[in-house]
Each structure stands twice: as structure tokens, then as C-alpha cells.
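The numbers here are math on the coordinates, done by the rules we state, and not lab data. Model, not experiment: these values are computed from the prediction. Quick reminder, even Gly has a Cβ in these numbers, built from the backbone with ideal geometry, and neighbours come from all protein chains shown.
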């Protein structure tokens, strides 16, 4: 898992907005008590906001997702990847554990790339978390 100061600031800001929204919505939905109900509503709203707000932010600023993919070669989540070539929205990376090369796509390419034996991993929604779909050397249509 990759977690930087910028990711932490995004999570804190969204959590603050979610808690403020929960506090503001309490009188409107008829909840008179404070405490656990307000916190639970705030956590729910914060999670919902995170799923709605962070994918476009990560996409716009081209941030790396929190979870890097499992290596298609050794089937383990390595401590890191060595990026050998980067051309947005694609990066060629080598696994830090086994040395297997893979192409990481931040979005589905407009036109299919040339046929290759290199495994291709495509980032799926939500882009901020890092859910990856593996394809064996070709991009699905």
C-alpha cells in the first residue's frame, strides 16, 4: 500500500466535510441525540464522499492509486515497482520481487496497443483505491 501525505490530506478533508454534513443534517432528518448516531452518519457520509470525490481528483492530478497491483509473474504484492517507462496513461513497470515486466494502464486505451507478451493491468473504478484488472498481453474491448 502506498500512502503519502497528500493522500492523508485528502482523507482528512473529506472526513471533515462528511462529519460537518452529518452534524448539519441531524436536525433535518429528525435525530435529536448526539454521539454514536452522529459519528456513524459522519463515517457513512465520509465514505460515500470519498468514493465520489477522490476518483476524479486522482485522475485529474494523475496520482498513483493507494494499492499497487499484484505482480502477474510471482502473484504477490511486491514492496514496490521500478517504473522503466512512463507515458500517461500508461507506465511500464518491473516487479521489485521477481523482476517481471508489466504495463500499468490508468485508463482503457483508445486504440489497442500492439500485440505483446507483457501482461497488461488496467486500473478500474474507484481509481483512488487501486483495483486492477489483469489481461494476458492484450487489452479487452
Notebook entry, point to check: In bins 5 Å wide, starting from 0, what share of all Cα pairs of the chain does each bin hold, as a percent?
Noted result: 2, 9, 16, 18, 14, 11, 9, 7, 5, 4, 3, 1, 0
Check: Does anyone have the angle between helix 36-60 and the longest principal axis of the chain? Alpha-carbon axes, 0 to 90°, nearest 10?
Finding: 30
Check: Mind checking the angle between helix 5-29 and the chain's longest principal axis? C-alpha axes, 0 to 90 degrees, to the nearest 10.
Finding: 30
Check: Say each of residue 17 and residue 39 gets a label point 7 Å from the Cα, pointing the same way as Cα to Cβ; how far apart are those two points in nm?
Finding: 2.4
Note to self: Could you work out the relative contact order of the chain? I mean the mean sequence separation of Cα pairs under 8 Å and 6+ apart, divided by the number of residues, in percent.
What the structure shows: 18
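For a quick check: sort 23, 127 by the number of other beta carbons within 10 angstrom, fewest at the front. Provide the component values of the computation, followed by the final result.
Details: 23 13, 127 19.
Placing the least packed residue first, the sequence is 23, 127.
Does the range 81-135 classify as rounded, prolate or oblate by the C-alpha gyration tensor (a ≥ b ≥ c root eigenvalues; a/c under 1.5 gives rounded; else a/b over b/c gives prolate, otherwise oblate)? Don't skip to the end; give the middle numbers.
Working: a/c = 1.62, a/b = 1.16, b/c = 1.40.
Oblate, because a/c is 1.5 or more while a/b does not exceed b/c.
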